[in-house]
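Chemist: Take this structure, written in structure tokens, and hold onto it; I'll ask about it next.
Readers should treat all values here as calculations from the given coordinates under stated rules, not as data from a laboratory. Here the structure is a predicted model, which is why all the values come from computation and not from measurement. Cβ atoms come from the backbone with ideal geometry, glycine included; neighbour counts cover every protein chain shown.
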Amino acid sequence: MSTAAPVKTLKNFIGGQWVDSGSSERLEVPNPATGETIAYVPISNQSDLDQAVAAAKAAFRTWRDTPVPRRARILFRYQQLLMEHWEELAQLITIENGKSYKEAYGEVQRGIECVEFAAGAPTLLMGSQLPDIATDLESGMYRYPVGVVGGITPFNFPMMVPCWMFPLALACGNTFVLKPSERTPLCANRLAELMTEAGLPDGVLNVVHGAHEVVNGILAHPDITAVSFVGSQPVAEYVYKTAASHGKRVQALAGAKNHTIVMPDANLDLAVKEIIGAAFGSAGERCMACSVVVAVGDIADPLVERLAAAADEIRMGNGLEEGVFLGPVIRAAHRDRTLGYIETGEREGARLVRDGRKDDVAAAGAGYFVGPTIFDHVKPGMKIWQDEIFAPVLSVVRVDSLEEAIETANASDFANGACLFTDSAAAIRKFRQTIDAGMLGVNVGVPAPMAFFPFSGWKKSFYGDLHVNGRDGVEFYTRRKMLTGRYV
Ligand code: NAD
């Protein structure tokens with residue numbers, strides 16, 4: 001007789017209650033490191049969503065009038081609870097996403113930082129006044145919430161990305177319906193549970209699991225005012241256009257192909273360490289991953305040699321094991337797609353310097369593993385240069401000058417992040433002035449801004465106007481009233 005506990009089907013969180021989806025459709029959620037089923041996620045339907053939106057709409061009537069310091073106090077309590085549950089949350093992330101425990105631990109920190117920013121609501125939500133716009137006339141700007149916000153999130157940051165959205169949205173007085181990735185749905189439920197423990201009133205935060213039907217429902221729902229989306233480029237574009245056509249405010253963060261330029265004067269030790277972390281950390285499944293290195297001049301040979309040697313040292317396996325750096329990719333289909341890209345790179349004539357297919361994948365476990373892979377002599381225009389592979393596959397392009405390097409990076413359709421390794425102030429200035437990307441790193445591998453700055457991708461990496469986090473986030477989740485008054 002088996003003693004293993006039966007695998008549970010997750011519930012939705014609606015109006016403060018854990019409820020079964022009305023849909024009988026469900027998907028398996030495997031641990032990507034082992035292939036073992038850890039849960040089933042319901043593929044909820046329109047009726048589930050309607051109930052969540054109705055709960056959020058009802059809760060909005062009181063939540064919007066809840067004094068801002070009281071809202072902030074709930075977020076302070078939430079921050080405490082997240083700190084207390086740090087290890088547990090990191091483990092959950094590793095189990096459902098596959099990234100190493102160390103990376104997951106860092107992700108929890110990034111989530112907590114968003115809550116800390118949102119807890120500054122009393123200051124963030126202040127308006128502005130001019131007492132004398134004319135004789136006896138004054139004018140002031142006041143901020144108000146937008147209403148019910150829908151959030152749609154990807155698999156690669158099951159905690160951080162939802163935390164980009166709901167803590168600040170709630171701090172601003174909105175209520176929220178979250179549709180987490182159906183591939184990593186567990187963390188969202190735990191985040192909602194802890195929010196309830198922190199004292200959040202029923203209906204202010206709701207979680208509806210599912211896929212396209214719930215997303216389409218959010219985009220068209222007449223009672224949802226604003227949509228925050230993070231995911232792949234084609235879906236981001238679709239979400240942006242569809243939600244906007246239904247009169248909603250939208251921010252849609254999309255895919256990436258981040259270039260890292262290495263100048264001949266770069267500190268090679270630092271560049272190699274940072275690039276290895278940025279290219280292969282989280283199995284390359286990061287929107288801020290380094291996927292293309294642009295080597296300038298004669299640094300190319302030693303750089304490629306050192307990157308390959310450092311990649312050889314990477315330990316692959318279950319992210320819960322001590323010392324494992326590279327976990328699996330999210331699903332078998334994603335592993336197969338990645339292997340397809342490695343074949344494409346060879347066919348396109350790039351030189352395969354390190355072939356992750358040859359790593360001892362079997363020893364790593366029964367999950368979906370691809371070893372660190374490096375292509376040299378990649379040319380702009382090749383598929384492996386152009387497409388977001390979202391896996392541990394790094395391309396190296398060789399160029400002769402900084403100008404050519406910047407031109408190469410700027411030729412990409414994507415423009416999330418870009419990095420430069422150099423000691424030259426003039427090169428740094430030129431890079432900052434002329435690179436087409438919203439998040440820049442200088443001698444840094446992953447230039448992801450902290451929560452009090454906007455996460456500011458450009459071009460096809462972002463659709464909308466106001467980014468997530470920072471003042472942009474506050475602007476996105478509030479609308480302004482201008483008052484002109486004569487008090488005589
Ligand atoms: P994805 O686009 O497959 O899924 C994102 C969300 O959209 C999920 O909740 C999913 O259920 C939903 N979805 C997917 N296809 C849909 C469709 N056809 N119609 C309606 N809804 C749909 O993205 P993913 O694979 O989960 O995440 C990885 C992607 O997210 C990468 O492209 C990565 O670069 C991007 N990302 C971007 C940022 C950023 O800040 N720009 C941050 C994290 C991830």
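Chemist: Just want to confirm a number: the relative contact order over the range 21-100, from Cα pairs under 8 angstrom separated by 6+ residues, in percent.
Modeler: 33 percent
Chemist: Another one. Take the alpha-carbon positions of the chain, form their convex hull, and give its projected area averaged over all directions (one quarter of the hull surface) in nm². Intermediate results must be reported in sequence, preceding the final value.
Modeler: Working: hull surface 102.0 nm².
The Cα convex hull of the chain, projected and averaged over all directions, gives 25.5 nm².
Chemist: Using θ = phi - 60° and the Karplus form 6.51 cos²θ - 1.76 cosθ + 1.60, what ³J(HN,Hα) does each residue of the range 282-290 get, whole Hz, x for Gly and Pro?
Modeler: With coefficients 6.51, -1.76 and 1.60, one gets 6, 6, x, 8, 9, 6, 10, 5, 8 Hz.
Chemist: Once the other residues with Cβ under 13 Å from the Cβ of LEU270 are scored (Lys, Arg +1; Asp, Glu -1), what is the net sum?
Modeler: On the way: positive: LYS273, ARG306; negative: ASP265, ASP269, GLU274, ASP423.
Computed value for this residue: -2.
Chemist: Another question, if that's okay. Determine the calculated [θ] at 222 nm for the chain from helices alone, applying -39500 (n - 2.57) to every DSSP H run no shorter than 4 residues and normalising by the residue count; nearest 500 deg cm²/dmol.
Modeler: On the way: 17 runs with 192 residues, N = 488.
About -12000 deg cm²/dmol.
Chemist: Rounded to the nearest 10 degrees, what's the angle between the helix 101-118 long axis and the longest principal axis of the chain, both from Cα atoms, 0 to 90?
Modeler: 30 degrees
Chemist: How high is the FRET efficiency from LYS11 to GLU322, r the C-beta distance, R0 30 Å, rounded to 0.05?
Modeler: Values: r = 34 Å, r/R0 = 1.12.
Computed FRET efficiency for LYS11 and GLU322: 0.35.
Chemist: Find out how many positive minus negative residues lie around PHE229, taking Lys and Arg as positive, Asp and Glu as negative, among other residues whose Cβ is under 12 Å from that of PHE229.
Modeler: After counting each charged neighbour, the total is +3.
Chemist: How far is helix 160-171 tilted, in degrees, relative to the longest principal axis of the Cα atoms in the chain, given as a value from 0 to 90 rounded to the nearest 10?
Modeler: Helix 160-171 sits at roughly 20 degrees to that axis.
Chemist: Continuing with the same structure: How charged is the neighbourhood of SER424? Take every other residue with its Cβ under 11 Å from the Cβ of SER424, and add Lys/Arg as +1 and Asp/Glu as -1.
Modeler: On the way: positive: ARG429, LYS430; negative: ASP265, ASP423.
Cβ neighbours under 11 Å give a net charge of 0.
Chemist: Okay, moving on. In debye to the nearest 20, how big a dipole does the chain give about its Cα centre with +1 on each Lys and Arg Cβ and -1 on each Asp and Glu Cβ? Intermediate values should be presented prior to the final figure.
Modeler: On the way: 46 positive and 56 negative charges, 293 e Å.
With only Lys, Arg, Asp and Glu charged at Cβ, the dipole is about 1400 debye.
Chemist: Using a 10 Å cut-off around each Cβ, can you sort ILE74, ILE374, ILE428 from fewest to most neighbouring Cβ atoms? Please report the intermediate quantities before stating the final value.
Modeler: Working: ILE74 20, ILE374 25, ILE428 16.
Least to most surrounded, the residues fall as ILE428, ILE74, ILE374.
Chemist: Are there any GluC sites (Glu not before Pro) in the range 298-369 that are in a DSSP loop and have at most 11 other Cβ atoms within 10 Å? List them by number. Let's see the in-between values first.
Modeler: Numbers: sites: GLU305, GLU313, GLU321, GLU322, GLU343, GLU346, GLU348; in loops: GLU313, GLU321, GLU322.
When the GluC sites (Glu not before Pro) of the range 298-369 are filtered for loop state and at most 11 Cβ neighbours within 10 Å, GLU313, GLU322 remain.
Chemist: May I ask for the longest run of the chain untouched by trypsin sites (Lys or Arg not before Pro) that are loop-located per DSSP and have at most 14 neighbouring C-beta atoms (other than their own) within 10 Å?
Modeler: On the way: sites that count: LYS8, ARG315.
Between exposed loop sites, the widest span is 9-314.
Chemist: May I pose another question? With the contact rule set at Cα under 8 Å and sequence spacing of 6 or more, what percent relative contact order holds for the chain?
Modeler: Details: 1158 pairs, mean separation 88.3, N = 488.
Computed over the chain, the figure is 18 percent.
Chemist: Which number comes out as Rg/Rh for the range 34-102 once both Rg and the Kirkwood Rh are worked out on C-alpha atoms?
Modeler: Numbers: Rg = 17.6 Å, Rh = 15.7 Å.
Rg/Rh: 1.12.
Chemist: Could you tell me which of VAL214, GLY15, VAL272 has its Cα farthest along the dipole of the chain towards the positive end, charges placed at Cβ (Lys, Arg +1; Asp, Glu -1), taken about the Cα centre?
Modeler: GLY15
Chemist: Compute the helix-to-body angle for 186-197: its Cα long axis versus the longest principal axis of the chain, expressed 0 to 90° and rounded to tens.
Modeler: With rounding to tens, the tilt is 30 degrees.
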